Amino acid sequence: MTLGLFGGAFDPPHRGHVELAKRAKAELGIDPLLVLVAADPGHKVVETPALTRLRLARAAFPDDDVVLDTHARTVEMLREHPEWKDPVFLIGADQFCDFPSWVEPDEVLERTRLAVATRPGFPRERLEPVLAQLRQPERVVFFEIEPADVASSELRERLAAGADVSGDVPAAVDRIIRMHGLYTPGPVH
């Protein structure tokens, strides 16, 4: 059994997130998958309350363990869980290009392997310089996913404008967004 870790703000979770998790499970033999909803991501501002995003992520990943991650940095979370034996941390190729700027990237790689989701046509030449900066590039594996062409930031903008995003988020996530009027002007429930 290989423990998979999939972290993010999930603001909101969308079909690209779900596809990445599904492909990682199938191609890398990940079981179980622990989805880590960043309570307060250290790298960006998130306005949607953590418990709301946790609820959305639980709706998006009903077959997985979904928990709130209170650590601002991945390395801090990994340090707190030495019982996780060689887990696999899932990230997208764009995130991987920024990996050297993470806090303690080499320690992150000592504590977890990285599984990087690439999409067809993603330029390999963007990935090679990142690998060259790492002490243990052999702890990075790549797997391919279908392009989702959707981003949480775009979904928030579309929802704020009153657009329908039902085709871009899991049905259970769409129901919660509609039921509580999330990402629309006004108070968040």
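Since every read-out is calculated from the coordinates, none of them should be taken as a lab result. No experiment lies behind these values; they were computed from the predicted model shown. In this analysis, Cβ positions are derived from the backbone assuming ideal geometry, glycine residues included, and neighbour counts consider all displayed protein chains.
Structure values in brief
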quantity	calculated
Calculated P(r) tail over 27 Å for the range 2-147, as whole % of Cα pairs	15 percent
Given charges at beta-carbon only (K, R positive; D, E negative), |dipole| of the chain in Debye	300 debye
Loop trypsin sites (Lys or Arg not before Pro), the range 36-145 (other Cβ atoms within 10 Å of the site Cβ: 11 or fewer; DSSP)	44, 85, 135
The range 66-157: GluC sites (Glu not before Pro) in DSSP loop, at most 16 other beta carbons within 10 Å	80, 83
Contact order normalised by residue count of the range 2-147, Cα under 8 Å, 6+ apart, percent	25 percent
Rounded to 10°, Cα long-axis angle of helix 171-180 versus longest principal axis of the chain	50 degrees
Degrees between helix 50-60 axis and first principal axis of the chain (Cα, 0 to 90, nearest 10)	80 degrees
Net charge of Cβ neighbours under 13 Å - reference residue 126; Lys, Arg +1; Asp, Glu -1	-2
Amide H contacts under 5 Å for residue 33, placed H, 5+ residues apart	4, 65
Local net charge near residue 136, Cβ-Cβ under 14 Å (Lys/Arg +1, Asp/Glu -1)	-2
Charge context of residue 167, other residues only, Cβ under 12 angstrom, K/R +1, D/E -1	-2
Amide H contacts of residue 89 (H built 1.01 Å from N, under 5 Å, at least 5 apart or other chain)	5, 113, 114, 115
